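Single-structure report; data block below.
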Amino acid sequence: MTGGPRRARVRLRDAGPTVFTQMSQLAGLHGAINLGQGFPDTPGPAVVVDSAVAALRAGHHQYPPVPGLPALREAIAAHQRGWYGIEWDPAREVVVTTGASEALAAALLALVGPGDEVIVLEPYYDSYAACVELAGATLVPVRLTPPAFAFDPAALRAAVTPRTKVLLLNTPHNPTGTVLPPESLRQIAETARAHDLLVIADEVYEHLVYEGPHLPIATLPGMAERTLTIGSAGKTFSFTGWKVGWATGPADLVEAVTAVKQYLSFSSGTPFQHAVAEALRLPPVRITALRDSLRERRDRFVAGLRDIGFAVHVPQGTYFVTADIRPLGEVDGLAFCRSLPARCGVAAVPNQVFYADPAAGRPYVRFAFCKQRAVLDEALGRLAALRSGSPPASTAPFSSIASIASILPTEEASS
């Protein structure tokens, strides 16, 4: 017998664990404050939790319909109508997914294939490249220009070829926190219409915009019929582990996503779907409360990072802040982030993993500020060692909710 067993092609062979997994593992190993992975450390609205518990006690344990519970699809359609004036038919133009990540994967698997090109704004969330590769298509980055991470409409126009099929647009933008202004969105829409491109609009941070309103690209002339918009209860209500996302758009695009989604998760999260339907019906002030709280934490954390010596891009949205490490005498974000948990007891994420050419993002790192104020203050105290060169005041393990609550003011610990 000669040779080994035949092997099928393995997609994403070189991917390995995501950078979020790696940095979270380092945070756990060193008892560091995890500002790398983007998840809040406070619970979402209690009334929404109560709705999930009520759904469990009512016996809602079995599969929901593949497109999602009718009540949730109706609530999503009402949300889009109430906030943005967009009308979608909940029966045919809304699909519920296992998180926004499934909506994205199903959309790309449904809409592109070998020979197609997908334009993305760079830096880009790492799953974009993975999903484009799984679909057999080619990712084409259009770089946001630092230090303001500004959009260049000429660069977008130059990136379009006869093979371009989809423009994957993310605003508010992860990892930079950039919110594209109306003029940029109009320029993007103009390019999409001129070249008959489909747009997949990742708008999961729609309710985390700190200056001015969020403007969905689907509201612009000629865009509703070519845009699939992705949303997420995890980002809006701080229930990231519930994995309830959705996609809205014209029936043909939503049906294409649903056809793929049924062979991914089929359906999931029945009691959570019941609860999210209730959450989307909350008064607007309840939905914007997280944004208002995060704005104060953003300002506090950005000021602290600047005091330490980082050059900081102030995010207009999301709960991430990008910092340039070069003023600290550092040049390699990956090496910096790998050493940071042991060095200071804090974890961050290197932005170079969000670039097709890692060298372009080498001096930048991303911190998540969706943490309680006491946690951010402790993290800044530890990071101050980078400025002074002296050991941090404390690198004691700081990774449990109990330890966080023990140093919080009473009103925040009970919120």
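How many of the residues making up segment 144-194 are in contact (Cβ under 8 Å) with a residue 24 or more places away in the chain, charged (D, E, K, R) and part of a loop (DSSP other than H, G, I, E, B)?
The number of residues fulfilling the criteria is 1.
Can you tell which of Leu167, Leu220, Leu228, Leu197 is within 20 Å of Val132 (Cα to Cα), surrounded by fewer than 22 Cβ atoms within 10 Å (Cβ to Cβ) and modelled with pLDDT of 95 or more?
None of the others qualify; the one that does is Leu197.
Filter segment 350-383 for residues that are among the aliphatic types (A, V, I, L, M) and either in contact with a Cys (Cβ under 8 Å, 6 or more places away or on another chain) or without any contact (Cβ under 8 Å) to a residue 60 or more places away in the chain (or both); which is nearest to Pro43 (Cα to Cα)?
For segment 350-383, the residue satisfying everything is Ala374.
State which residue pairs qualify: first residue touching a residue at least 40 places away in the same chain (Cβ under 8 Å) and inside segment 78-94, second residue outside any helix (DSSP H, G or I) and open to solvent by 70 Å² or more (accessible area, probe 1.4 Å) in any location, beta carbons under 8 Å apart, and separation of 6 or more residues or different chains.
From segment 78-94, the pairs are Ala78/Arg281; Gln80/Glu87.
Here are some conditions: (1) farther than 26 Å from Ser238 by Cβ; (2) in contact (Cβ under 8 Å) with a residue 60 or more places away in the chain; (3) out of contact with any Ser or Thr (no Cβ under 6 Å at 6 or more places or on another chain); (4) open to solvent by 10 Å² or more (accessible area, probe 1.4 Å). Asp41 meets all but one. Which one does it not meet?
(1)
I'd like the full set of residues that are within 19 Å of the chain's Cα centre (by Cα) and either over 22 Å from Phe237 (Cβ atoms) or part of a strand (DSSP E or B) (or both), limited to segment 107-126.
Within segment 107-126, Ala107, Leu108, Val118, Ile119, Val120, Leu121, Glu122, Pro123, Tyr124, Asp126 qualify.
Taking the stated definitions as given, is Pro141 surrounded by fewer than 23 Cβ atoms within 10 Å (Cβ to Cβ) and not acidic (Asp, Glu)?
Against the criterion (surrounded by fewer than 23 Cβ atoms within 10 Å (Cβ to Cβ) and not acidic (Asp, Glu)), Pro141 qualifies.
Going by the structure shown, is Arg306 over 17 Å from Trp83 (Cβ atoms), of a type in the set (D, E, K, R) and without any contact (Cβ under 8 Å) to a residue 24 or more places away in the chain?
So Arg306 fits the description; yes.
For segment 1-95, list the helices (runs of 4 or more DSSP H) that sit wholly inside it and hold at least 3 residues that are at pLDDT below 85 and out of contact with any Gly (no Cβ under 6 Å at 6 or more places or on another chain); which are they?
Here the list reads 19-30.
The values are calculated or read from the model by the stated rules, or taken from the named source; none is laboratory data. Predicted model, so just to flag it, every value in this text is computed and none were measured. Using ideal geometry, Cβ is built from the backbone for each residue, glycine included, and neighbour counts are taken over all protein chains shown. Keep in mind that these areas ignore ligands, DNA and RNA; they rest on the heavy atoms of the full protein, side chains included. Shrake-Rupley method; radii C 1.70, N 1.55, O 1.52, S 1.80 Å.
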